[in-house]
Each structure stands twice: as C-alpha cells, then as structure tokens.
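To keep things clear, I will list the structure first and then write my remarks on it.
The values are calculated or read from the model by the stated rules, or taken from the named source; none is laboratory data. As the structure is a computational prediction, the values presented were derived from the model and not from experiment. No Cβ is skipped: glycine too gets one built from the backbone with ideal geometry, and neighbour counts run over all protein chains shown.
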Amino acid sequence: MMHCTMEDLGAVRAGEGSVWARRHITTCAACRGELEALFQRVAQLKALPALHPPRDRWPAIQATLRAERSRRRRTWGTWTGSLALAATIAAVLLVQPPRGEQGKLHAELNQAKQQSATLEDSLQQYDVDGRVLSGHAAALVADLEDRISMLDGTLAQQEHVTHGGDAALVKLWQERVGLMRELVNARATRARYVGL
Amino acid sequence: MTVALAVPDVIVARAQAGDEAALEALYRAFETPVYNLVRRILRRPEDAEDVLQETFLEVVRNIKQFRGEGYLWGWIRRIATTKALMRIRREQVRETESLDEEPGKPGMHVGANLDLERAFDRLSETSRAVVWLHDVEGYTHEEIADQMGKTVSFSKSQLARAHARLRRMLDEGAQA
Ligand SMILES: [Zn+2]
C-alpha cells in the first residue's frame, strides 16, 4: 500500500493536500499518526525556551555608533575648513570685487563661510566624545548633526556646479550657519549643566 | 517562542532622533528574540552573536527609515533573517549535510537522550532556517524563497526533507 510522503503531509497540514492524500489520511491510521507527529514536532519547536545571548553586545554597538558620529563631525571639520580657507584666500586676492547684485551675493557667501568656520572652531571646545549626552540634548545634537551632514552633501554638489555668486549657494551656507549655531548652543547648554 | 513585543511609540521616536538611551532600550527589548532566531538557524554561537551585533548596527543606523508600517519586530526580524541567511551563503563550505547522516558521531548525544531540540541542532543550517522560519516564525514558502533567493519548491522540499530527518532521528533515539 502506498503511504503519504513527508511532502504530502506538509501539504495536507497547509490545507493544500492532493485529493488522493486527503482521502488516504482518512483511511490510513499510519499516515494519520505521521501527520499527528508532524503537528506535535512543530508545537514542540514553538515551545522551545528562548536562547539568550551569552554576552552583552550593546557596548560594541554603542562604541561603533559613537565612532561613526564623531568621524562624521571630523569630516565636516576638514571639508568646511578647507573651503573657508579657500574663501579667505579668494577674498584677499579679490582686488576689484564684483559690483552690484553679484558682488553682494559674493560678500554674503564669504561671510556665511567664515561664520560657519568660526562656529566650527567653537564646537571644538565642546567636543564631548566619550562624554555621555542623554535624553533631549543627545536627540537634539544627533538630529542637528544629521541635518548638517545632509546639507554638506548638497553643498558639496553645489560647489562643483556653480560659481561663487550663486544665490542658492548663499542660502545653503546661511542655513548651515543657522544649524551650526543651534548645535553650538545645544552643546554649550549641556556643558553648563555639567559645570564646565 | 512566540514574540509579542510592543515598544512604546515614544521610545521609537526618541531612537529615531538619535537618543542613545532609547536606542539601547530597543536593543534590550529585542536582543533575545533576535539572538534566539539567528541562533536557531546558525550552528555556531559566535556566528549568532556576530549577526546579533550586525543586525542592531543596521537597526540603529536605519531606524529613521522605519516608518511604522508593520511592526517594529517584523522590520528587525527581516534584517536579522537576511543577515543570518547571508552568513550561510557566504560560508557555504561549512554547510555540509554530512552531520545529519552521522548519528554515531561521538559526543553527539545520540540514543534515548536525543530529543527534538538536539535533533533539530543536527540539521544543516539551510534546513534549520527553513524549518524555523516556516514552522515557528510563520513565514510562507514564498517569503522564504524570496529571502533565500531560491524557488518555492526548494523551500517546500527542504522542509519535507528536514522533517523526514527529524522523524528518523527521533525514531532512532526512541529505539536505542
Ligand atoms: Zn498511509
């Protein structure tokens, strides 16, 4: 007599058994027993106790996370630092500044870049790698850092396609100055709390 | 193990804002279900620990992208499963079916002591993955096939083969 294969039983369990298999199950005690055993194995597997991680992996995850955040901050430090330097050199070399609207934008751009660089310097004082920021301050700082990172991505693209006097570029740099100012404030507030 | 995990929305929101304490709370809530899932699939405990760490690194890096569609556990579980399956594929060399066929191997605790958990441990990692994901986690064969990059019939036949082996091992254990 032909019996159900394990695949037949699996199909019956899933409600997808062939006509033959479904009929066979009703008449064959051996196959009914196999199907019952299958159900029991699955129930036993589901009832197995949870296995717990033998070691705490959070410290390693946290260390990686902090290293990534601080690397990101250092990356804008160098990137914007060299841009600010370029801006200063350009300003010095500019014997005859462009006139009119273009000249005004140019001046605004240089001003924003220099403010950004100054704020970057202030931030170094509050560089709190390793110091625990928690709750609201940490959330705010992380959010600002992310927004500045994203903005820097946009800026890096813009710098390649436009010349110094572009209004969009000025707007982006001014936005960056605003975010940097908030970031310095968030850090400074925290530093006051811990008595620095 | 059935997971019925609910994390307060406020914790998720704080984690998405980068709050370290909230990220750690997520880790604490899910470390055991994630570890249990990947440890059931992977043979070596140290591999499971590595996958646990890789999974949460991805979770903390991408939590902002979690939009709340579907449960957080579903989202985390998918990351963990993908990483465990990737590890099996990457180290396919290790993936030998031979272990399944060596009931007499010393130190394997064969005989009357062979309970379901031990029998399950002796399946290949691919078989373990299919059985665990289908029978315990409730994945469909379509979902398993999709995550493994295999066909639905591969998933179905793997499941049937694995159960046939389990049955045989338990049978041999009972008779010894
Ligand atoms: Zn039969």
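Only residues that are surrounded by 11 or more Cβ atoms within 10 Å (Cβ to Cβ), more than 7 Å from chain B (Cβ to nearest Cβ) and within 28 Å of the chain's Cα centre (by Cα) were counted across the range A:44-61, and they come to 1. Counted as qualifying within the range B:113-176 are the helices (runs of 4 or more DSSP H) with 1 or more residues that are surrounded by fewer than 17 Cβ atoms within 10 Å (Cβ to Cβ), namely B:116-121, B:141-148, B:152-175. Looking only at the range A:21-73, residues that are out of contact with any Lys or Arg (no Cβ under 9 Å at 6 or more places or on another chain), of a type in the set (Ser, Thr, Tyr) and not assigned by TED's automatic domain parsing to the domain that holds A:ALA139 come to 1 in all. Filtered by the rule that a residue be out of contact with any helix residue (DSSP H, G or I) (no Cβ under 7 Å at 6 or more places or on another chain) and at pLDDT 80 or above, the range A:169-196 gives A:LYS171, A:GLY178, A:ASN185.
A single entry from A:SER70, A:SER122, A:SER116 fulfils the requirement of being of a type in the set (S, T, N, Q) and at pLDDT below 80: A:SER122. Does the range A:22-43 contain at least one residue that is away from the ligand (no atom under 16 Å from the Cβ), surrounded by 13 or more Cβ atoms within 10 Å (Cβ to Cβ) and either of a type in the set (Phe, Trp, Tyr) or at the interface with another protein chain (Cβ under 10 Å from one of its Cβ atoms) (or both)? Scanning the range A:22-43 turns up at least one residue that is away from the ligand (no atom under 16 Å from the Cβ), surrounded by 13 or more Cβ atoms within 10 Å (Cβ to Cβ) and either of a type in the set (Phe, Trp, Tyr) or at the interface with another protein chain (Cβ under 10 Å from one of its Cβ atoms) (or both). Restricting the range A:1-19 to residues that are within 11 Å of the ligand (Cβ to nearest atom) and more than 12 Å from chain B (Cβ to nearest Cβ) leaves a set whose member that is nearest to B:ARG161 (Cα to Cα) is A:HIS3.
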